Amino acid sequence: MKTLTIQKAIDLLVGGEIVAIPTETVYGLAADARSDEAVSKIFKAKGRPSDNPLIVHIGDIAQVDHLAIDVSEKARLLMDHFWPGPLTVILSSTDIISGLVTAGLTTVGLRMPSHQIALKLLRKSGIPLAAPSANISGKPSPTSAMHVRNDLKDRITGFINGGTCNIGLESTVIDMTTDVPIILRPGSITRAEIEIVIGDVDSSDATFEKPKAPGMKYAHYAPKAKIFIVRGSLNFFRSLIKERKENGLRVGVLCHTSSRALYKKAHVVLPLEKQGKNLYDSLREFDNQGADVILSEDFGNEAVMNRLLKASENRVLNEDQASEERISSEVEN
Ligand code: TXA
Ligand code: MG
């Protein structure tokens, strides 16, 4: 897999190829969103289910009216306020975008990223770029060039190296086609920040049986080690570490930076930076360091906990719950 300049990446994209590019959230695997052939290569390289639609990235707000119809005033306010930036707006789509991108839905998700490389590429080429996260489906999203290389080196021709992603979690996704807008995926732009701009919105419960963002139903962001979110006292947390060590497991702990020193008995302790910037890197690092099980603190940040609950398949070990119940939930999963 070659490291590309912006111009070389554009040449490949114009030729119907796929390339990985940095954005401020996570690296994306990009293709011309108008081409069935190019877009099908994304699904193939990632091993992504075809019923999971892709986000389309644009560099110029004028492109919105080519790609979408019935754009509400509120949607325009959001785009004016938060673009370029980590917000994806779901709108009714025109038929310019490949049906593979929208996975047969009548809507399309649009985003203008703020990363300087992504923005330059989009503006110079004028191509609307379909780009999901540049990981193999089911793995943690890539937030560094090394993650992209590890996942896709044999599957794509090239990528642009933009260093480490600033935000490290995928964009907030908001559906603007309903009467009351719905946040489908929480991200670094919060519900409160959005409500200041457009008033009340709903949010779809991340643990819904049938989430509206099709991607939210798949096991996601998961390292090889099983993750458990721990809710309870420090003593409880430490007893869980001890139990698992006694069972011969290599124990990882994900914690606040300030509580790092409390878990000396665990094998691998990784502190989560503010807003979860290194969440995906940490999940990959637990695998690199051979953790069998990861015990995680609760971080109280909606976007972080959304990803962690998914990665753990909602496994929560609650001190208030009877231990037999806890053990059965652990075994079932
Ligand atoms: O930050 C991001 O959004 C990154 C970077 C590369 O821009 N991209 C990203 O794409 O996270 P992806 O494909 O991994 O996640 C897209 C999410 C999925 O949950 C998908 O189901 C949802 O957005 N989505 C896309 N189009 C949709 C639509 N028309 N209606 C509902 N949900 C949609
Ligand atoms: Mg993804």
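Since every read-out is calculated from the coordinates, none of them should be taken as a lab result. Predicted model only: the values in this text are computed from it and were never measured. Positions of Cβ are backbone-derived with ideal geometry, glycine not excepted, and every protein chain shown enters the neighbour counts.
Observations
- The value of relative contact order for the chain, using C-alpha pairs under 8 Å at least six residues apart, is 19 percent.
- In this label model, residue 234 and residue 116 are separated by 4.3 nm, measuring between points 7 Å along each Cα→Cβ vector.
- Over the C-alpha atoms of segment 226-330, the Rg to Rh ratio, Rh being the Kirkwood estimate, stands at 0.92.
- Length gained when the stretch residue 6-residue 107 is fully extended (0.36 nm per residue, less Cα-Cα span): 33.4 nm
- Per-residue extension of 0.36 nm, minus the Cα-Cα distance of residue 178 and residue 289, leaves a gain of 35.5 nm for this segment.
- Magnitude of the charge dipole for the chain, about its Cα centre and with charges confined to Cβ atoms of Lys, Arg (+1) and Asp, Glu (-1), is about 1400 debye.
- Those chymotrypsin sites (Phe, Trp or Tyr not before Pro) in segment 247-302 that DSSP places in a loop and that have at most 12 other beta carbons within 10 Å: none
- Karplus (6.51, -1.76, 1.60) ³J(HN,Hα), θ = phi - 60°, over segment 306-311, in Hz, Gly and Pro reported as x: 4, 5, 5, 5, 5, 4
- In the chain, helices alone account for a calculated mean residue ellipticity at 222 nm of -9000 deg cm²/dmol, with every DSSP H run of four or more residues adding -39,500 (n - 2.57).
- Whole-percent pair-distance distribution, where bins are 10 Å wide, for the alpha carbons of the chain: 6, 26, 32, 22, 11, 3, 0
- Taking amide H as placed 1.01 Å from N in the peptide plane, residue 277 has no amide H partner under 5 Å among residues 5 or more places away or on another chain.
- Within the chain, DSSP assigns beta bridges of which about 35% are antiparallel (rounded to the nearest 5).
- Backbone amide hydrogens, once placed in the peptide plane, bring residue 298 within less than 5 Å of 230, excluding anything fewer than 5 places away on its chain.
- With R₀ fixed at 30 Å, the C-beta to C-beta distance from residue 250 to residue 275 puts the FRET efficiency at about 0.60.
- For the residue pairs 2/139; 8/139; 41/74; 139/245; 44/74; 153/245, the alpha carbons lie more than 31 Å apart in 41/74; 44/74; 153/245.
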